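Asks: This is the structure, below, for whatever I ask next.
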Amino acid sequence: MMDEVYFDSVGVRLGRRLDLREAVADGRYPDAEYVGNALLAVCVSDDEFAPDLAVAAARQALDRRQPSAADVRLLLHHGTYFQGQDVWTPSSYVQQQTIGGSAPAMEIDQKSNGGLAGLLIGASFLSACPDDATVMMTTGERFCLPGFDRFRTESGTVMADGGTALLLSSRPGFARVLSCVLSADPSLEAMYRGTRLKDAPHAGDKPLDLRGRKARFMRKNLDDLEDISQRIASGFCDTIGQALEEAKVAATDVRRFVLPNNGRTVRWWTMLAEMGIPAGRTTWEFGRRVGHLGAGDQVAGLEHLLTTGCLTVGDHVVLAGSGYGFNWGAAVLEIVTIPDWVRP
């Protein structure tokens with residue numbers, strides 16, 4: 001069990017909804033992947049940059065609880081992709097546009113597992129504070145051309161634009177953190193490294209080719225493909241199992257599992273079903289209409305469950321993430337109250 005750490009407030013800002021049938025019809029998204037992944041829509045930001053989406057989400061979270069700037073002792077910002085400028089500090093930008101103050105602001109880079117990594121860091125920070133304190137965590141993503149093709153740069157999902165925010169507190173909030181676990185398998189790091197390191201960032205004249213990097217890695221490891229696939233999926237599922245064990249909560253007692261917004265071709269969906277966790281107990285129906293928000297899927301999914309009345313006091317919720325590296329994270333929450341901002 002963790003020390004007393006709570007989710008105090010959350011905020012979400014999503015781009016406009018694009019029906020993926022439109023992207024299939026005009027050739028942007030392959031029909032075979034549309035069928036295989038079973039995703040229906042993706043959120044797209046036409047004019048808001050990634051840090052601005054994070055700012056909008058943070059302002060919503062702050063409006064819902066209104067802590068003072070002095071209460072926020074640390075700001076953690078996560079971005080999977082480009083944040084709008086080279087050699088810049090988007091975490092400080094988010095801070096300046098929201099709470100101001102003098103708390104340290106920093107970025108965490110675990111790609112799509114950044115939200116869970118930040119949660120463990122934030123919880124550990126709060127446990128070391130001598131008095132009541134708050135950590136603000138934000139994510140911001142905008143996957144757009146020319147540097148990133150949301151439909152083709154990566155496989156198994158469609159990348160979405162949006163921002164999320166979480167206020168993590170040592171004072172009682174709406175959900176108590178019972179456990180948070182991170183794990184890793186760095187032997188799989190080369191899958192996304194490519195053939196060589198470079199002297200400068202991606203030029204942006206054409207989209208990144210993450211699929212190509214992965215395909216070259218797979219060709220070098222043809223005899224181990226099944227083992228690699230199994231290790232990636234098992235790392236995700238085993239981390240969930242460890243978080244449940246540390247929280248002393250059985251999987252059958254979990255009301256909802258908030259998972260990455262990945263398509264059904266991703267192997268861990270099958271493994272979860274074999275563990276007795278069907279899609280109906282996850283955020284699948286929400287995620288397939290949003291797309292993959294990088295490190296923001298967990299907060300966005302939790303906010304959706306709260307605002308649509310899917311959770312009640314006493315429910316257990318699991319948040320789980322997976323990022324390149326490979327890194328995995330999982331946390332178990334207990335809903336202790338339904339916040340005023342979701343009540344009719």
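Asks: Quick one: dipole size for segment 70-167, taken about the Cα centre, charges +1 on Lys/Arg Cβ and -1 on Asp/Glu Cβ, in debye to the nearest 20.
Replies: My answer is approximately 180 debye.
Asks: At a 1.4 Å probe, what is the % contribution of carbon and sulfur to the accessible area of the chain?
Replies: Carbon with sulfur: 50 percent of the solvent-accessible area.
Asks: Additional query: To the nearest 20 Debye, how big is the dipole of segment 203-320 about its Cα centre, given +1 on the beta carbon of each Lys and Arg and -1 on that of each Asp and Glu?
Replies: So the dipole magnitude of segment 203-320 works out to roughly 500 debye.
Asks: Run the numbers on the chain and let me know its relative contact order in percent, using alpha-carbon pairs under 8 Å that are six or more apart.
Replies: Dividing the mean separation by the residue count of the chain yields 26 percent.
Asks: What order do you get for 188-196, 4-12, 58-66 when each peptide is scored by the mean count of other beta carbon atoms within 10 Å, highest first?
Replies: Ranking the peptides 188-196, 4-12, 58-66 by packing returns 4-12, 58-66, 188-196.
Asks: What is the magnitude of the charge dipole of the chain about its Cα centre, with +1 placed on the Cβ of each Lys and Arg, -1 on the Cβ of each Asp and Glu, and no other charges, expressed in debye to the nearest 20?
Replies: Dipole of the chain, to the nearest 20 debye: 540 debye.
Asks: Okay, next question. For the chain, what proportion of DSSP beta bridges, expressed in % and rounded to the nearest 5, is antiparallel?
Replies: So the antiparallel bridges in the chain amount to around 70 percent.
Asks: A follow-up question, please. Using a basic spin-label model with each label point 7 Å from the Cα along Cα→Cβ, how many nm lie between V35 and D132?
Replies: Reported label-point gap for V35 and D132 is 5.7 nm.
Asks: Using DSSP H assignments, which helices in the chain have an axial alpha-carbon span of 20 Å or above and a mean Kyte-Doolittle hydropathy of 1.0 or higher?
Replies: Taking the DSSP H segments of the chain (at least 20 Å long, mean hydropathy at least 1.0), we get 114-128.
Asks: Please compute the per residue accessible area over the chain with all protein chains in place, 1.4 Å probe, rounded to a whole number of Å².
Replies: Each residue of the chain exposes 42 Å² on average to a 1.4 Å probe.
Asks: Using only Cα atoms, figure out Rg for segment 151-222 and give it as a multiple of 2.2 N^0.38 Å.
Replies: Taking N as the residue count of segment 151-222, the ratio is 1.65.
Asks: Cα convex hull of the chain: how many Å³ per residue?
Replies: Once divided by residue count, the hull of the chain is 135 Å³.
Asks: I've got another one for you. Mind ranking W268, W341 by accessible surface for me, highest first, 1.4 Å probe?
Replies: Correct descending sequence by accessible area is W341, W268.
Asks: Given the Cα-Cα distance of V313 and D205 and 0.36 nm per residue of separation, how much length would full extension add, in nm?
Replies: 33.8 nm
Asks: Something else now. Ratio of alpha-carbon Rg to the 2.2 N^0.38 Å globular estimate for segment 100-202, to two decimals, please.
Replies: The value comes to 1.35.
Asks: Additional query: Along the charge dipole of segment 43-96, Cβ charges K/R +1 and D/E -1, which of Y81, C43, A69 sits furthest on the positive end?
Replies: About the Cα centre, the residue reaching furthest to the positive side is A69.
Asks: Considering only DSSP beta bridges where both residues belong to segment 211-344, give the percentage that are antiparallel (nearest 5).
Replies: Around 60 percent antiparallel, to the nearest 5.
Asks: For the chain, how many pairs of lysine residues have a Cα-Cα distance under 26 Å, where the two are 8 or more positions apart or belong to different chains?
Replies: 9
Asks: Keeping all protein chains in the complex and leaving out DNA, RNA and ligands, what accessible area do you get for T157 with a 1.4 Å probe, in Å² to the nearest 10?
Replies: 10 Å²
The values are calculated or read from the model by the stated rules, or taken from the named source; none is laboratory data. Here the structure is a predicted model, which is why all the values come from computation and not from measurement. Using ideal geometry, Cβ is built from the backbone for each residue, glycine included, and neighbour counts are taken over all protein chains shown. Only protein heavy atoms, including side chains, enter the accessible area calculation; ligands, DNA and RNA are left aside. Shrake-Rupley method; radii C 1.70, N 1.55, O 1.52, S 1.80 Å.
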